[in-house]
Amino acid sequence: MTNLTALALELDHLDTHPGRVVVFADPDAPLPRAAKRCDKLTRGAVARAVGSSEFGALKPGKGMTLAYPAGLAARALQIIRLPRKATSDQLRRAGNSIGAAQGEDAALIALDTLPLREIALHAALRSYRYEAMKAAPKSPLGGLLCAVKDPEAAKPVLDDATALAQSVHLTRDLVHAPANVLNTESFAAQIAGLADIGLSVEILDRDEMEKLGMRALLAVGQASDNPPKLAIMHWKGAEGPPLCVLGKGVMFDTGGISLKPGAGMEEMTMDMGGAAVTVGLMQALALRRAPAHVIGLVGLVENMPDARAQRPGDIVRSMKGDMIEVINTDAEGRLVLCDMLHYAAERFEPRAMIDLATLTGAIIIALGHDRAGVFCNDDTLADGILGAARDAGEGAWRMPLGAEYQRQIDSRLGDVKNTGGRPAGSCTAASFLERFVPEGVPWAHLDIAGVALTKGDSAHAPKGASGWGVLTLDALIRTRFED
Ligand code: BES
Ligand code: MN
Ligand code: ZN
């Protein structure tokens, strides 16, 4: 990942830095000292730029770039518009503008006394590209040199931002990786490698899950040559009952016998997005040595059509015992998660459980691509998640659970159907999961089908996998699950 380093702001350095130099300016206030220095070197070009109507029309956080400015050694001088008392949203936007302009050379960012965390974190988040599948990858992106007043104080802030940004990038890499490369086994092996940073990892295989009675999960993967895996990551940074985070890890979702249409099916390589966020989050907790007890579980399967595949109409026994009538084999995520939720609740007696899943197309119809759906049986937990999402700058919106939805999925032949028809498709999916959460356990389900991949450049990620959720859950854990 793009390196974040702190150094003391020395004005001479602005003259000689060969890459990109970034300064900040507010058209309604005197130029800060770094911008003033560049203005002097460029014989007034900075002041003219900042005084222009074009600069005046920029939204706070956006910037203007002067190429090969005379008087500086720099390749480019980026001037970011930022009010003196900037809001966190404006600081995040400033970081995004810096990250979006990042090239293969290092950027010297004259932050001075500006709030470091938001700008540096969001610059690092935005400065990302996925090149693992290119025969000839470009050179890596250059570093972000944060020139600040007090580099000693900046160090822990940047370490923290680095841990988070690296983990969001890990989530994005996992989501981008194609299903022929990242399959259940290679993903499980990669997770096992997180033992190196201090997570304890267990991997359950088919036989072990069979013994536990996880027939619903196993039914989804039974037609694939890639064997199902359940990976469990323990981070014990504190005593007491854990928070369990669970991720849907469908490595590829063809729909199974209820086959999806061909157009766009290649996108279903992202159907392990919930698992990718869970893994990114667990890595972030370990890297920053979070004083919290968190267990991450990811259920890894591939949903294929084949002679061994489950059929619409099959009735399977879940680990909990409830008999599930499989109306549509494409509603497979809930079959994976229901056994995981039951298992996690029974084994770990958690303080709370949060699952993440690219669960329904219906959530995209309801909320679009900027807000994840938050379904929750506990108002305190729901408020915590919505507040954390706000702090992290990620979109989230609460969605309903209720008896009406439960009725929609009652089964005539078994106990519960895995689909409830078209109306309220994401609510019936969440309500299905709710049946597998024991009474009294605070639980939230985050439907991230709309936010896991963005169609264009988004607020803090380039087009493609966003890593949505790592920041929100990390913020939630800091505020609600640490002492
Ligand atoms: N993985 C899909 C949901 C999805 C759709 C994720 C689009 C990302 C983008 C899920 O397994 C699925 O197929 N859901 C069905 C449920 C239906 C059969 C009840 C859906 O949403 O159509
Ligand atoms: Mn599906
Ligand atoms: Zn799916």
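Below are the figures for this structure:
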| read-out | value |
| --- | --- |
| Criterion (of a type in the set (A, V, I, L, M, F, W, C) and either within 17 Å of Arg215 (Cβ to Cβ) or within 16 Å of ligand 3 (Cβ to nearest atom) (or both)) met by exactly one of Ala345, Ala362 | Ala362 |
| Residue within segment 322-339 that is out of contact with any helix residue (DSSP H, G or I) (no Cβ under 9 Å at 6 or more places or on another chain), within 16 Å of ligand 2 (Cβ to nearest atom) and among the aliphatic types (A, V, I, L, M) present | yes |
| Extreme residue, most open to solvent (accessible area, probe 1.4 Å), among residues of segment 302-315 that are more than 23 Å from Met272 (Cα to Cα) and away from ligand 2 (no atom under 16 Å from the Cβ) | Ala307 |
| Segment 328-344 residues that are of a type in the set (D, E, K, R), paired with ones that are open to solvent by 20 Å² or more (accessible area, probe 1.4 Å) and more than 14 Å from ligand 3 (Cβ to nearest atom) (beta carbon under 7 Å, 6 or more apart) | Asp339/Met319 |
| Subset tally (residues that are in contact (Cβ under 8 Å) with a residue 12 or more places away in the chain and either under 14 Å from Glu302 (Cβ atoms) or surrounded by fewer than 16 Cβ atoms within 10 Å (Cβ to Cβ) (or both)) for segment 174-189 | 10 |
| Enumeration of residues in segment 30-53 that are under 37 Å from the mean Cα position of the chain (by Cα) and part of a loop (DSSP other than H, G, I, E, B) | Leu31, Pro32 |
| Search result, residues across segment 436-460 that are at pLDDT 95 or above and away from ligand 1 (no atom under 16 Å from the Cβ) | Phe436, Val437, Pro438, Glu439, Gly440, Val441, Pro442, Trp443, Ala444 |
| Unique residue being open to solvent by 10 Å² or more (accessible area, probe 1.4 Å), touching a strand residue (DSSP E or B) at 6+ places or on another chain (Cβ under 8 Å) and either under 21 Å from Val250 (Cα atoms) or assigned by TED's automatic domain parsing to the domain that holds Met272 (or both) when the list is Leu413, Leu446 | Leu413 |
| Index of the failed condition, Val277 passing every other in (1) surrounded by 24 or more Cβ atoms within 10 Å (Cβ to Cβ); (2) under 20 Å from Ser318 (Cβ atoms) | (2) |
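The values are calculated or read from the model by the stated rules, or taken from the named source; none is laboratory data. Keep in mind that what you see is a predicted model, and the values were worked out from it rather than measured. No Cβ is skipped: glycine too gets one built from the backbone with ideal geometry, and neighbour counts run over all protein chains shown. Each accessible area value is taken on the protein alone, full model and side chains, heavy atoms only, with ligands, DNA and RNA left out. Shrake-Rupley method; radii C 1.70, N 1.55, O 1.52, S 1.80 Å.
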